[in-house]
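The values are calculated or read from the model by the stated rules, or taken from the named source; none is laboratory data. Being a predicted model, the structure only gives us computed values, none of them experimental. A quick note on method: Cβ atoms are made from the backbone with ideal geometry, for glycine too, and the neighbour counts reach across all protein chains shown.
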Amino acid sequence: MSKTESLKLKAKSYKRILIVRMDRIGDVLLSTPAIKAVRDSYPDSYIAFMVRPYAREIVEGNSYLNEVIVYDKDFAQRGLFDNIRFIKMLRRKHFDLAIILHPTTRTHLLVFLAGIPVRVGYDFKWGFLLTRKVPHTKQFGLKHEIDYSLDLLKYAGIEAAGKTLYMPIKEDAEKNIASIFSDNKINNGDTVIVINPGASCPSKRWSAERFAKVAKRLTEKYSAKIILISDPKDKVFCDKITSILDGKCLNLAGKTSVGDVASILKRAKLFISNDSGPVHIACAVGTPVIAIFGRSDRGLSPKRWGPTGRRDIILHKDVGCATCLAHNCKTGFRCLDAVTADEVIAAADELLARI
């Protein structure tokens with residue numbers, strides 16, 4: 001869509017706007033440039049963002065938003081009558097524009113039943129419920145996820161001026177992490193390196209043994225203070241690394257909120273991680289990232305999901321699989337194994353030399 005065509009769609013001045021993205025924390029964070037673009041285009045409008053509970057902290061405190069609405073399909077909005085009450089609540093807010101950044105049948109149904117007159121999104125998963133439908137081509141991974149979101153805004157007459165990620169730093173998280181660092185004798189001048197060995201599926205997880213090898217070498221070379229983070233479900237990988245390192249690290253697996261992670265990464269000299277949400281938190285707070293990618297599907301590639309910082313390094317190998325079977329891989333995740341500990345250490349050397 002050309003800029004002229006986009007601006008033609010801005011004939012109506014929307015007073016109350018709902019932006020919706022109900023997937024993972026990294027995906028929501030990659031939508032923050034879209035939030036700013038909407039605010040820049042509609043400086044006086046009431047703008048709300050609807051998320052799942054675990055992504056709330058990504059947008060809570062964002063100065064471009066008037067409200068964060070949480071939809072919890074697993075608990076608070078689990079039943080039929082709970083959803084009816086939620087829809088009625090949305091109706092009472094009288095939104096006149098909904099922008100759905102990630103297509104799901106449930107999301108499309110909610111904004112349709114809420115009676116929002118202009119509904120912009122992808123023509124996928126009950127896209128017929130939208131009033132402005134955009135062809136869904138994300139699976140081809142032709143551009144970065146940020147660009148997909150910003151291009152979608154054009155169908156609401158909104159042109160974006162920037163792509164900077166934004167993650168608010170919470171005061172309570174700052175106090176909590178400052179206390180943890182103090183208790184563990186981690187000082188401002190220390191070379192803090194954070195490692196995240198977790199990911200949403202096995203096809204994204206580099207081995208704990210290799211992470212441990214990298215951590216050991218960086219500790220020896222830079223006297224680095226190693227901090228491990230992960231979701232509670234991935235704690236086993238952090239525990240394994242801790243065991244290999246004989247406890248010579250700070251294992252915070254399952255002990256941090258999303259806000260805490262932002263505060264930890266803000267203090268770090270380097271973040272080493274699998275393809276996961278915290279990669280984008282690190283980018284938002286300006287910490288250099290080494291991101292390890294496995295699968296070669298175009299829709300899951302670094303081109304679409306890679307870190308966006310100027311100093312970031314992506315390690316990704318194409319091992320020639322004709323079709324990726326994801327977590328059902330029959331070749332032992334050769335794509336991940338192709339990335340060596342020595343390559344990660346070399347990338348760390350490069351980034352730490354610039355500091």
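Could you check how many residues of the range 168-219 are part of a helix (DSSP H, G or I), of a type in the set (Lys, Arg) and either touching a Cys at 6+ places or on another chain (Cβ under 9 Å) or surrounded by 13 or more Cβ atoms within 10 Å (Cβ to Cβ) (or both)?
Number satisfying all stated conditions: 5.
Filtering the range 145-167 down to residues that are of a type in the set (D, E, K, R) and assigned to a loop (DSSP other than H, G, I, E, B), which residue is farthest from the chain's Cα centre (by Cα)?
So the residue we want is Glu159.
With (1) more than 21 Å from Val134 (Cβ to Cβ); (2) among the aromatic types (Phe, Trp, Tyr); (3) crowded, with 23+ Cβ neighbours inside 10 Å as the list, and Tyr54 as the residue in question, which single condition is left unmet?
(3)
Which of (1) under 28 Å from Tyr148 (Cα atoms); (2) at pLDDT 95 or above; (3) among the acidic types (Asp, Glu) is the odd one out, the single condition Asp318 does not satisfy?
So Asp318 meets the others, but not (2).
What's the number of the only condition in (1) within 26 Å of Ala37 (Cα to Cα); (2) free of Cβ contacts under 8 Å to residues at least 40 places away in the same chain; (3) among the hydrophobic types (A, V, I, L, M, F, W, C); (4) not in a loop (DSSP other than H, G, I, E, B) that Phe124 fails to meet?
(4)
Does Ala208 satisfy the condition of being of a type in the set (Gly, Ala, Ser) and touching a strand residue (DSSP E or B) at 6+ places or on another chain (Cβ under 9 Å)?
Answer is no for this residue.
Quick one: would you say Leu315 is farther than 19 Å from Ala347 by Cα and hydrophobic (A, V, I, L, M, F, W, C)?
Considered against the rule, which asks whether it is farther than 19 Å from Ala347 by Cα and hydrophobic (A, V, I, L, M, F, W, C), Leu315 comes out as no.
Quick check on Ile116: is it assigned to a loop (DSSP other than H, G, I, E, B), aliphatic (A, V, I, L, M) and at pLDDT 95 or above?
When the stated conditions are applied, Ile116 passes them.
Do any helices (runs of 4 or more DSSP H) lying entirely in the range 240-329 carry at least 3 residues that are surrounded by 18 or more Cβ atoms within 10 Å (Cβ to Cβ) and of a type in the set (A, V, I, L, M), and which ones are they?
Per the criteria, 258-267, 277-285.
If you go through the range 39-76 one residue at a time, how many are touching a Lys or Arg at 6+ places or on another chain (Cβ under 6 Å) and of a type outside the set (Val, Ile, Thr)?
3
For the range 31-51, which residues satisfy the criterion of being within 25 Å of Phe86 (Cβ to Cβ) and surrounded by 21 or more Cβ atoms within 10 Å (Cβ to Cβ)?
Of everything in the range 31-51, those that are within 25 Å of Phe86 (Cβ to Cβ) and surrounded by 21 or more Cβ atoms within 10 Å (Cβ to Cβ) turn out to be Ser31, Thr32, Ala34, Ile35, Val38, Ile47, Phe49, Met50, Val51.
I'd like the residue in the range 127-144 that is among the charged types (D, E, K, R) and not in a helix (DSSP H, G or I) and, out of all such residues, is farthest from His94 (Cα to Cα).
Filtering first and then ranking leaves Lys143.
Within the set of pairs 6 or more residues apart or between chains, which connect a residue that is not assigned by TED's automatic domain parsing to the domain that holds His316 inside the range 254-279 to a residue that is surrounded by fewer than 24 Cβ atoms within 10 Å (Cβ to Cβ) with Cβ atoms less than 7 Å apart?
none
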